[in-house]
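Notes follow once the structure below has been shown.
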Amino acid sequence: MKTLLFVDDDPKVLQGLQRQLRTMRNEWNMNFVEGGPQALAFMARQPVDVIVTDMMMPGMDGSQLLSEVSRRHPQTVRIVLSGQAEREAVLRLVGPAHQYLSKPCEADELRNAIIRTFSLCDLLGNEHLKNLTARIKSLPTLPSAQTRLTGELQKDAPSLERISEIVARDIGLTAKIMQLVNSAFFGLPRQISDPQEAVAYLGLTTVRALALSAEIFSQFDPRLCQLFSLDILERHSWATGLLARRMAHLERQNNQMMDQCFLAGLLHDVGQLVLATGLHEEYSQVILQARQKKQPVCQVEQELFGASHADVGAYLLGLWGLPNVIVEAVAWHHQPSRSVAAQFSQVMAVHVADVLIHERQQVYTEAPPPGLAMAYLEKTGLAGRIETWRAASLENDEVY
Amino acid sequence: MEKIQVIDDEASRLTLPKVPPRQEAGQQAATAKVQKELIGTAENRLWLMHENNLLQVLMDNLPDFIYFKDVHSRFTRINKAHARHLGLQQPEAAIGKSDADFFPMRLARQKLVDEQCLLATGKPILGLIEKSDTAGETKWLSSTKVPIYAADGKISGLVGISRDITAAKEAEMERQAMEAQLRQAQKLESIGQLAAGIAHEINTPTQYVGDNTRFVKDSFPAIMQVLKSHEDLLAAVKNQAVTPELIARSEVLIKESDLEYLYVQIPTALGETLEGVERVSKIVRAMKEFSHPGGKGKSLADLNKAIESTATVARNEWKYVADLKLELEPELPLVPCFLGEFNQCVLNLIVNAAHAIGDVVKKNPGTKGLITVQTRRDGDHVEVRVTDTGTGIPESVRPKIFEPFFTTKDVGQGTGQGLTVVYANVVKKHGGTVTFETELGRGTTFILRLPLHPPPPAKGGEG
Ligand SMILES: Nc1ncnc2c1ncn2[C@@H]1O[C@H](COP(=O)(O)OP(=O)(O)OP(=O)(O)O)[C@@H](O)[C@H]1O
Ligand SMILES: [Fe+2]
Ligand SMILES: [Fe+2]
Ligand SMILES: [Mg+2]
């Protein structure tokens, strides 16, 4: 049984939640406490899978509590359920919370968010990797992206377009911005996958506050995992995103699909970044073995960790509340046949684009991914499109 | 309206040498006649030339406007400066004309009324602030006009001198506009800050009102099933047709429907829902009272009620660091005041108190401070005291706290306008006083005193 802990300084809110979620009592072990210190005491006695906390509380507020929880119990999924209306408040949570829900929150919305995180937990089998991923507050960025972003923001009239482009070229920034803009806090009527739209929604003030917060800009230290190059990963990801979008365009998909293909392509290997920053030497080991034995990286990862960067990446993005289609496309980008989709899908676009970009990209140090899932392509009747897509991958040299 | 001071003492009267009674002929003719009679002897002539010279020099070189008028308020002589203001090349061109020839109708009539009053009563006009529009320009003038007495003791006209105070007046108006703007800006800012707090205050009960209502709704089908099965059972009992199956069915339904839990929870859920709805409507009511439009004039206000609403509206600002105690004198008389402004003052003081307590609480996590708001009548005044158990105000800071933009807080926490606005509202708008008592490490009390019978607003002041 999964254990849940709800924290709110108002006992009436807790009672309401308790009554409303009573139907889940046979599946969930639900606990309710009235403050941060009580929550920490509870967690010291008993592991908790998901903590749902209010933000404003006397003594220890929600962001302090969650920071402490992420330090002491990194595997616990951290969700905020707050009635706060200020944007600044949510910025304080960008680090410590995985997801934000707004009061008043429909019971279904809360229930679904919790169910979703539970199914995510099952996705990634390795507890150690789970801890590692759940502890991540932000992903490292390249110093050049940081310089360019702060430079643009300091101008008298910063251009939203240039800022979006800087964001979109950076895996870590994009993932963070998507986490924010898709959180219930902003209450947008639909999920957003286009970085430019996301930046426009958040607005310059919020983006600036984000850019200035040290939580967001951790720098990548190349010495820690020497065989890994963030620069190359960024370029590979950007190229994959562009090609996935181009493919969607060639298949006459709508704008939303094109945006999702791009975002999933951009983020498909985010798990590698998590592993390289979290496991340094072990990950160097993975890369080394992959090169020496000419094995796909994901295969070595699976062998050594019992999970691949695709699992880790999907777990992270799921925790951060990114749209499900993105999480799925990332999870299965090496095994598209696990998807139930019987026609062109985000999973397929990312899978094919990834392989095609690897074909093109000589400099990339990762051993190539497993080849195209031809059986799946045949099954969906899209195998015949491969040459068209490959030609598209050759069109634009500038991006590689 | 402008302030008019009236002084009338014999000594300050201006008397001209003997003048014969005014004749019916035109004013020019009359003037010529006066002059002829005056220029009698050579001695006189010399003396007069000398005097006239002096007068001419004085008139032509003073930047102030100088003008003489007859009993019909027609110009008999003006100086160069005034001619320029009236748009004339030569001063002589004004002679025989009146204000109506130069100024808009309303203005000219106002001047005429003022001057006719002066000519009738002999009461001089001193330092009257006049707006003076001519085709080309708008000027603000400070005018002094005094009657001229003929030798027979009758008033024969007036002499006026007007000083151009446009620059000073504009600076003053600008300052007033700025002050109003400051007040407005602070109001907006605190409304913005409050709005976020109020949203939070409303979102919380809304959460559990929703949860509880849905809970009752979701439980009802199960309850209904139990009731239905008991109806069946009852019917069976009446017909003496009870079967073991019927009993078993009822028992199963009772077990499945979690009745024990529902018996306890449904009444509490409904009670808490009602309480939540009441909490929301209390906030909404308080908001309405707080944002009192504060019409043009003062109205008699129940300060206790105003303080209660303001404290409710501001609850999110203090509740995490302090408790708030209201000690309001039940018999407090109504106080003539601008309610909107008064609420603003109380809000600013409560927010300051919460901040000062917040600083203490930060150093001693887990503790809470206390804010006390008291009202009482003290003779002709009503006193409002806002006391906190915060940091107290350091001595070096005390003299500066009412200065505009003086703050010791971080950017985003304070802009240093709170107390400036309190001071302006209480002292300038209500004729009250603001004082404070403070002790480092113990706390601070701000004391507002509002007069119950403020003197009627001085006639004049701003337009
Ligand atoms: N109750 C109090 N206890 C301690 N210090 C106070 C108290 N009230 C005011 N002060 C001091 O006086 C200063 C000026 O107060 P004022 O309300 O004018 O501005 P502010 O609170 O800093 O900003 P604002 O009210 O515009 O948000 C404060 O910065 C603080 O140092
Ligand atoms: Fe990959
Ligand atoms: Fe890849
Ligand atoms: Mg203040």
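What the table shows:
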item: Value of relative contact order over the stretch B:296-463, rounded to a whole percent, pairs C-alpha under 8 Å and six or more apart; result: 22
item: Accessible area, probe 1.4 Å, largest first, for residues A:W389, B:W47, A:W332; result: B:W47, A:W332, A:W389
item: The stretch B:80-177, relative contact order [Cα under 8 Å, separation at least 6], %; result: 18
item: Per-bin percent of Cα-Cα distances, the protein assembly as shown [10 Å]; result: 2, 10, 14, 14, 13, 12, 10, 8, 6, 5, 3, 2, 1, 0, 0
item: Of B:T312, A:P336, B:V264, farthest towards positive along the dipole that unit charges on Lys, Arg, Asp, Glu beta carbons give the protein assembly as shown; result: B:T312
item: Near-label residues of the stretch A:268-294 by backbone N, under 11 Å of a point 7 Å along Cα→Cβ of A:Q335; result: none
item: Inter-probe distance in nm under a simple model that places probes 7 Å from Cα toward Cβ, at A:I386 and A:E161; result: 3.9
item: Reachable aspartates and glutamates from A:K2, criterion Cα separation under 14 angstrom, eight or more residues apart if same chain; result: A:E27, A:D49, A:D122
item: Cα pair count fraction exceeding 35 Å, expressed as % - chain B; result: 59
item: Members of the stretch A:1-23 that become less accessible by 50 Å² or more once partner protein chains are added (1.4 angstrom probe, chain alone as reference); result: A:K12, A:R19, A:Q20, A:R22
item: Accessible area of B:D302 in the full protein assembly, 1.4 Å probe (Å², nearest 10); result: 70
item: Shielded by partner chains, the stretch B:281-325 residues - at least 40 Å² of accessible area, 1.4 Å probe, vs chain alone; result: B:Y320
item: Accessible area in square angstrom per residue, the protein assembly as shown, 1.4 angstrom probe; result: 48
item: Reduction of at least 10 Å² in accessible surface, 1.4 Å probe, comparing all protein chains with the chain by itself, residues of the stretch B:195-211; result: B:A196, B:A199, B:H200, B:N203, B:T204, B:T206, B:Q207, B:Y208, B:D211
item: Fully extended contour minus Cα-Cα distance, from B:A195 to B:E331, at 0.36 nm per residue; result: 45.7 nm
item: Relative contact order, percent, chain A [alpha-carbon distance under 8 Å, six or more residues apart]; result: 13
item: Principal-axis tilt of helix B:259-290 within chain B, Cα atoms, nearest 10 degrees; result: 0
item: Close Lys-Lys pairs in the stretch B:193-293, where close means Cα under 27 Å and separation is 8 or more or interchain; result: 6
item: Within the accessible area of the protein assembly as shown (1.4 Å probe), percent carbon and sulfur; result: 55
item: Alpha carbon convex hull of the stretch A:2-123, projected area averaged over orientations, nm²; result: 7.0
item: Chains B and A, summed buried accessible surface - 1.4 Å probe, Å², nearest 100; result: 2200
item: Long pairs among B:K319/B:K428; B:K69/B:K131; B:K145/B:K428; B:K69/B:K169; B:K362/B:K409, criterion Cα-Cα beyond 23 Å; result: B:K319/B:K428; B:K145/B:K428; B:K69/B:K169
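The values are calculated or read from the model by the stated rules, or taken from the named source; none is laboratory data. These figures come from a predicted structure and were not determined experimentally. Every residue, glycine as well, gets a Cβ built from its backbone with ideal geometry; the counts of neighbours run over all protein chains shown. Please note that ligands, DNA and RNA were not included when accessible areas were found on the heavy atoms of the full protein model with its side chains. Shrake-Rupley method; radii C 1.70, N 1.55, O 1.52, S 1.80 Å.
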